[in-house]
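Beneath this line is the structure, given in structure tokens, with notes to follow.
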């Protein structure tokens, strides 16, 4: 490249004497179908096809005459081997090579690398049209030009880095052209070994452990490109960049080198870097500002157990940690995850069953200025989900929280494949144990996913967390990971007790329960004392009833459950945290998300199903480690209700076998290749013997559970989910209008009736929830395939549209309405941008600056922006950082890096005027969107959570209706997404899911041996789980009875329950009661129902608990058949 100028700033055009080549090769045949080439110096072009490949290759060889090197993108692994196979005597094969794919991570280490290169495993070029090798050859030349410009800039900024790369990359003689490139860039020949070693040592200084750095330098000669890529990433470490996926797959040593340098402590006390970055206490202060870990529970050596867990996790150990609720369990995974993300860019995947609590964990981190966490679940709107997946893929986040079912989602799996997994965390790990109180079959899949994801590599650290685990559960979890993943979990057991909590059990009756709750609150929560109370209720209706009763009694109380609209939910939480609300009546699951330190009283209005659940929920009290009280109100009916709930969710062996039979029938009818793609409803439609007991509310869950147990028995394997979305946005205003349109279509009367039934279901559906095809099969009477055809017929007839429905909550005609919120957010953002420009007017693209959020906040508040709190400013800066992604190389207007809770470093990635204009365009689009949403509301609408219904198509039309805005924006659809998310982030609106019709199909591969059935030994583990559920309810009832007599006995029972093996516990607390605790009822009910029957034959009939409930009773008149 000696003829390429040293400066590309316009002195001379970029005309390298090279031949840029691109091939299109048949996937099945492996033969060259098309080829193209462009001379870099003359611009001469060549196209050729596989029709006369020999002639095309000869012309290609001639075109290469006089070239200094051959250029291509993925030339080494793809184009060159195909050329050599087709014509091994080509002269151009002897020319030096430059592969822009290999150069790109050096030139553009900060994600998203370069706008012409995709962020995928193959690192391919971004094409504007398919199958045009000539265009791709030209794109490769353009890419080389940008790479040379970027490398020249790096030479000016950090010459040692270019020197190191020159030496490392030329160890591979296949890329001789790279040597010429670096000679041109550095104006020096390749350095000798000693010079290179010194330069590498200088690059590594203070970027990792010096002991490990010394080892890396000593072995540098054998590290080549892997070390070059590691050095490139280290040069931008601490930002939001990640190693390109193709680098991790083709050069796995690059990731290992980064981990060796930054994620492995040398263990030497004198090492300043390791003392700073591998010390648990320092990391605690860095991320959360706490001076030390919680003293209790303590380990055997007296040190905080929490600290020991974090230290083990930082060392990369596999572990199981048991910590009582309220003792900082989440912190145990968050500190190692954030530390690892900052040190290596790795992603920690957290599996959690509590979808309602995921957002709370993310919000908790965000309140501390930590934006590098997202939750991905089925509750997200389409724009929110797309944004969350993008943030994971692009390396913006270090923690992603997902439900186990999401691991079967193809899009999430694809995104996870783009990242290096630093650790796996199973929150609520007891869910994978059949001995656990909350066993969830989807948790059994997690270990398989971890093992498959690791492949031949070592399994990343696995951390299992739970607040309550008996010895049987601990053994089950440890054994599960040993058998399925091949790892040994180290156990940290903090027990289940909280010394600051005072427990009590009080008898009540349904008629007196509300009054007793009020009396407790009045006695335990004096009006002038700080603190609050939580009342746990079994149902949403109960929580609303309790809150209403307490308000009538003059108490500041509110209800709290999953159906609460977002603004109301936020207001309730914030009012409770501030102390304006004294009492929250919450459902059990949702109340777990309330993180108020000074809860002085927790009341259970209804008995939980197990001691585990009770202690977890009661653990919301006294999180400030001060004294608090936990009171359980008891009625006999509550225990029987728990037995009933347990029974309703059960599966029999016969039902599971019926699902296997239905799947085989589906395979026989459809494809006969062993793979079935079907929903739960489609599977049940094949249950011709009606062996599966139907219940619309639980069918889907019970079928999926049956599939899980069939997989445990190795009768099938469940793979990815395959979800289809169908037209669901209606273009008709009423059922009568739909009937008129269908009449004009001259359809068969029966089919017209079925289509009308579908329209009626869509009209009557909640606007913010989905409808499954299983539900529509039921209302229409159509089979699976005919239903799908019918939904497309509705679109063809103009009755439905394939436009994506979207709903959003707005604030209308109330204090601080949405329109006012938009004006406030827009004004504050503009003032922030003006202040940033004022403080750093000379900052240019690529330069960085420090921002002290508290000082910025004070300055803006002094200027009249009272809402300019540090957290709000951080949110606005994050929005600016997201602006423009996908344009100009995909970078945002800013790059952000958190230094501590109050300080961030920003890198300007657009000049100030472009940044300001990009934000202005987004705000203009947001104003149009809000106007449209407000116009969708009824004229008299008012309230704190008013639901607006529209579609993405209508929203896009609202943006494109501004012709000036449209003329200035390249991609209005992308602007729509950014503006919607910005409105949501600034709480101007709250995005919701919108109505969608979807087919949630499972991909199931059946075992080839159809003679095998689901046998009793296969059913035994599930039966053990059901038996354990029954025992747990009996233990809860025993706790109550003991607590009514002597609370000390009840507390000792609790300690023994989590400490003793099952047999020892039974012998101590429930001796000689094995038959009694096996029954799904209380002893009192058993006596009243069964033992009151004097006749032994009557007793045997009533107590018959065989799996099949059919019985023939022969008895004469007056023998007691009715009883």
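The values are calculated or read from the model by the stated rules, or taken from the named source; none is laboratory data. No experiment lies behind these values; they were computed from the predicted model shown. Here the Cβ positions follow ideal geometry from the backbone for every residue, glycine too, while neighbour counts run over all protein chains shown.
Taken together, the residues in the stretch 862-879 that are surrounded by 15 or more Cβ atoms within 10 Å (Cβ to Cβ) and more than 26 Å from residue 288 (Cβ to Cβ) amount to 1. Scanning the stretch 421-428 turns up no residue that is farther than 30 Å from residue 997 by Cβ, surrounded by fewer than 19 Cβ atoms within 10 Å (Cβ to Cβ) and over 14 Å from the mean Cα position of the chain (by Cα). Answer yes or no as to whether residue 202 is under 29 Å from residue 907 (Cα atoms), touching a residue at least 40 places away in the same chain (Cβ under 8 Å), surrounded by fewer than 20 Cβ atoms within 10 Å (Cβ to Cβ) and more than 38 Å from the chain's Cα centre (by Cα). Here the answer is yes, as residue 202 does meet what is asked.
The sole residue among 810, 791, 806, 797 that is touching a strand residue (DSSP E or B) at 6+ places or on another chain (Cβ under 7 Å), touching a residue at least 40 places away in the same chain (Cβ under 8 Å), surrounded by 14 or more Cβ atoms within 10 Å (Cβ to Cβ) and farther than 24 Å from residue 943 by Cα is 791. Residue 832 falls short on exactly one of the conditions (1) buried (at least 20 other Cβ atoms within 10 Å of the Cβ); (2) outside the structural domain of residue 861 (by TED's automatic domain parsing), and that condition is (2). Is it true that some residue in the stretch 1003-1015 is in contact with a strand residue (DSSP E or B) (Cβ under 7 Å, 6 or more places away or on another chain), over 30 Å from residue 932 (Cβ atoms) and crowded, with 19+ Cβ neighbours inside 10 Å? Within the stretch 1003-1015, one or more residues are in contact with a strand residue (DSSP E or B) (Cβ under 7 Å, 6 or more places away or on another chain), over 30 Å from residue 932 (Cβ atoms) and crowded, with 19+ Cβ neighbours inside 10 Å. Taken together, 345, 326 contain a single residue that is more than 21 Å from residue 624 (Cα to Cα), surrounded by 22 or more Cβ atoms within 10 Å (Cβ to Cβ) and at pLDDT below 95, which is 345.
Residues that are assigned to a helix (DSSP H, G or I) and farther than 23 Å from residue 481 by Cβ within the stretch 317-338 comprise just one, 338. Residues in the stretch 730-752 that are within 39 Å of the chain's Cα centre (by Cα) and surrounded by fewer than 16 Cβ atoms within 10 Å (Cβ to Cβ): 733, 734.
For the stretch 363-475, the helices (runs of 4 or more DSSP H) that sit wholly inside it and include 3 or more residues that are touching a helix residue (DSSP H, G or I) at 6+ places or on another chain (Cβ under 6 Å) and over 27 Å from residue 880 (Cβ atoms) are 443-454. Give me the helices (runs of 4 or more DSSP H) completely within the stretch 571-677, filtered to those with at least 1 residues that are under 22 Å from residue 516 (Cα atoms) and over 31 Å from the mean Cα position of the chain (by Cα), ordered by residue number. So the answer is 636-648. If you go through the stretch 794-817 one residue at a time, do you hit one that is assigned to a helix (DSSP H, G or I), at pLDDT 90 or above and outside the structural domain of residue 937 (by TED's automatic domain parsing)? Yes.
Considering the stretch 704-729, the residues that are within 21 Å of residue 786 (Cβ to Cβ) and crowded, with 20+ Cβ neighbours inside 10 Å include one that is nearest to the chain's Cα centre (by Cα), namely 726. Regarding residue 150, is this residue in contact (Cβ under 8 Å) with a residue 24 or more places away in the chain and part of a helix (DSSP H, G or I)? For residue 150, the condition - in contact (Cβ under 8 Å) with a residue 24 or more places away in the chain and part of a helix (DSSP H, G or I) - is met.
Here the condition is being surrounded by fewer than 15 Cβ atoms within 10 Å (Cβ to Cβ), assigned by TED's automatic domain parsing to the domain that holds residue 952 and under 23 Å from residue 369 (Cα atoms); of 855, 821, 859, 845, it holds for 855 alone.
If you go through the stretch 484-520 and pick out every residue that is part of a strand (DSSP E or B), at pLDDT below 95 and crowded, with 18+ Cβ neighbours inside 10 Å, you end up with 1. Within the stretch 554-577, one or more residues are out of contact with any strand residue (DSSP E or B) (no Cβ under 9 Å at 6 or more places or on another chain) and under 25 Å from residue 990 (Cβ atoms). Considering the stretch 431-459 alone, what residues qualify as being more than 30 Å from residue 645 (Cβ to Cβ) and crowded, with 22+ Cβ neighbours inside 10 Å? Within the stretch 431-459, 450 is the sole residue that qualifies. Are any residues in the stretch 559-580 crowded, with 21+ Cβ neighbours inside 10 Å and over 24 Å from residue 807 (Cβ atoms), and if so, which ones? Across the stretch 559-580, the qualifying residue is only 576.
So that you can scan it fast, the table gives a plain yes or no per residue for (1) assigned by TED's automatic domain parsing to the domain that holds residue 457; (2) part of a loop (DSSP other than H, G, I, E, B):
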position	(1), (2)
200	no, no
215	no, no
228	no, no
231	no, no
246	no, no
260	no, no
284	yes, no
291	yes, yes
296	yes, yes
